[in-house]
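Peer 1: First the structure, then my questions, so here it is.
Every number in this text was worked out from the coordinates using simple rules, so none of it is lab data. No experiment lies behind these values; they were computed from the predicted model shown. Every residue, glycine as well, gets a Cβ built from its backbone with ideal geometry; the counts of neighbours run over all protein chains shown.
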Protein chains: 2
Amino acid sequence: MARPSLPAVICRDCALYHTARVLGLESPDCSQLDAMVIRNRPVARGEALYAAGDPVRYLYLVHSGACILHDGRDPQQVTGFFLPGEIVGFEDLDAEIHGFSAHALQAGSLCLLDLTGLDQLPAERLIGVQRYLLKAAAAHARLLQRERLITGLPSAEQRIAAFLLGLAKRFQAHGLPSNSFRLPMSREEIASYLGLAPETVIRTLKKLAGRGLVSVRARQIQIHDPSALERLLAA
Amino acid sequence: MARPSLPAVICRDCALYHTARVLGLESPDCSQLDAMVIRNRPVARGEALYAAGDPVRYLYLVHSGACILHDGRDPQQVTGFFLPGEIVGFEDLDAEIHGFSAHALQAGSLCLLDLTGLDQLPAERLIGVQRYLLKAAAAHARLLQRERLITGLPSAEQRIAAFLLGLAKRFQAHGLPSNSFRLPMSREEIASYLGLAPETVIRTLKKLAGRGLVSVRARQIQIHDPSALERLLAA
DNA sequence: CGAGATGTTGACGACCCTCAAGTGCAGTGG
DNA sequence: CCACTGCACTTGAGGGTCGTCAACATCTCG
């Protein structure tokens, strides 16, 4: 426990908790999950969940820490970030092998859902699990569409503002503090995600801080005036 | 039939065809779909499939024509395009009301899957339909991740090249000609989608045409040298 | 404590956005 | 059939934003 204060979702807010429920495992503390779900598996900083070319086997729920998704090319281009409570792996769910690569950005823990076990469930439960996974996949699609809007914004300032607001909303959605958080990713990874140069990310953050909208100290972010950030996007 | 040559998927390549199959409706010409699927409903150019705030009821499969997705704000920001064979509506599938708006870009036809009828299916069929929809949602998530890479590219030239290649790949995936096609969207919509100014889209297309990589005549596109376009992205 | 990664700052130039005027095409009505 | 009207598209000039490069500071981890 090097970081006792590492943000983590409680099981109630964990996306797989509901899966556990529909699996017929009602225990709210997630203590009775069977072989299909691997609970709270620790991951080290930088550890790969999967790489492009690996066979597809699991969905990964981030319990604490954070993960990053990128294409397998060179130079790597960042496609997405996953925060506590979110599910990694939908983008390759229908394929035999992975088309993207996913890594842990920090030490943390994941819950894994073994996809190969699904078909052996009794029909009643399978229907519930599938219904839940379909909704989770839809929620993920919605997140991707929303995040897509960010990269399409014309100026670096708008993109950074929208990026911070998006993170805040996602933290909040899973019961984590949303106006004060630690960025799990580097400036360079933010830059790649937003289609900017790392220096532009730095300068834009400083510019927003200079206006009092946010505070930035290393990776620690405080959002002082969310509505002012919102207003930047409308313009 | 004003445009007899309007590109349309044949039912075999239609994403809902497989849904029809798992529904137990094996007819390859889609002639026996029951009340849950509305077949080949015509849509006029500019007609709304749904607007932000509308209740969620259907998934929409594009049979011919094309659709556009955008947020409901002002100015509207384009979030996605949907080509024949692709499914519109996943992003709001888990919600009560729509968070985005979808319109037809051209006159065409759609197949609609009524989501409210799903739960009344017998268990055996429901499992199959859900499994198929989950895979389709995953494929959609993958498409969104891939398209996301495009907007993250640093230069307008790379974004346009990747955009054209992405369209070509998607046409090809559903059995339509991939090196010669008609853009269903305006320059301005492309610009909004890619985070560029419309003028930049025009100039960049002209620049690519000047090098002989593509031909552009109004909305008619011919890709002469796909591998040269690919090479632009690697740099 | 040291070494390497990560972050920061400044100067300069290219790219792209803005604004404005002009062209072509499509659908409409005479 | 042809002019008309509106919209999409095109083209040009100029300025601002952001990318590039290089040097330095700071942080993190072994």
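Peer 1: Please list, in chain and number order, the residues 5+ apart from residue A:106 or on another chain whose amide H is under 5 Å from its amide H, with Hs placed from the backbone.
Peer 2: The answer is A:46, A:66.
Peer 1: Something else now. Among the GluC sites (Glu not before Pro) in the stretch B:75-181, which ones are in a DSSP loop with at most 10 other Cβ atoms within 10 Å of the Cβ? Mind listing them?
Peer 2: Filter output for the stretch B:75-181: B:96.
Peer 1: Write out the trypsin sites (Lys or Arg not before Pro) in the stretch B:112-152 meeting two conditions: DSSP loop, and at most 15 other Cβ atoms within 10 Å of their Cβ.
Peer 2: The qualifying sites: there are none.
Peer 1: Across the residues of B:144-157, average count of Cβ atoms on other protein chains within 10 Å?
Peer 2: Averaged over the peptide's residues, the number is 6.
Peer 1: Could you tell me how far the Cα centroid of the stretch A:111-132 sits from the Cα centroid of the stretch A:193-235, in Å?
Peer 2: For the stretch A:193-235 versus the stretch A:111-132, the Cα centre distance is 42 Å.
Peer 1: If you don't mind, there's one more thing I want to ask. Could you give me D for the stretch B:136-235, from Stokes-Einstein at 20 °C and 1.002 mPa s, where the hydrodynamic radius is the Kirkwood radius over C-alpha pairs? Units µm² s⁻¹, please.
Peer 2: After rounding, the answer is 156 µm²/s.
Peer 1: Mind scanning B:169/B:206; A:169/A:207; B:169/B:207; A:207/B:206 and naming the pairs with a C-alpha gap bigger than 28 Å?
Peer 2: A:207/B:206
Peer 1: Using the Cα centre of the stretch A:172-234 as origin and beta-carbon charges of +1 (Lys, Arg) and -1 (Asp, Glu), tell me which of A:193, A:221, A:177 is placed farthest towards the positive end of the dipole.
Peer 2: A:221
Peer 1: Here's something else I'd like to know. Can you give the local net charge around residue A:109? Use residues other than it whose beta-carbon is closer than 10 angstrom to its beta-carbon, Lys and Arg +1, Asp and Glu -1.
Peer 2: +2
Peer 1: Just tell me how shielded B:116-128 is by partners: mean number of partner chain Cβ atoms within 10 Å of each residue's Cβ, no decimals.
Peer 2: Other-chain Cβ atoms within 10 Å of each residue's Cβ, averaged: 2.
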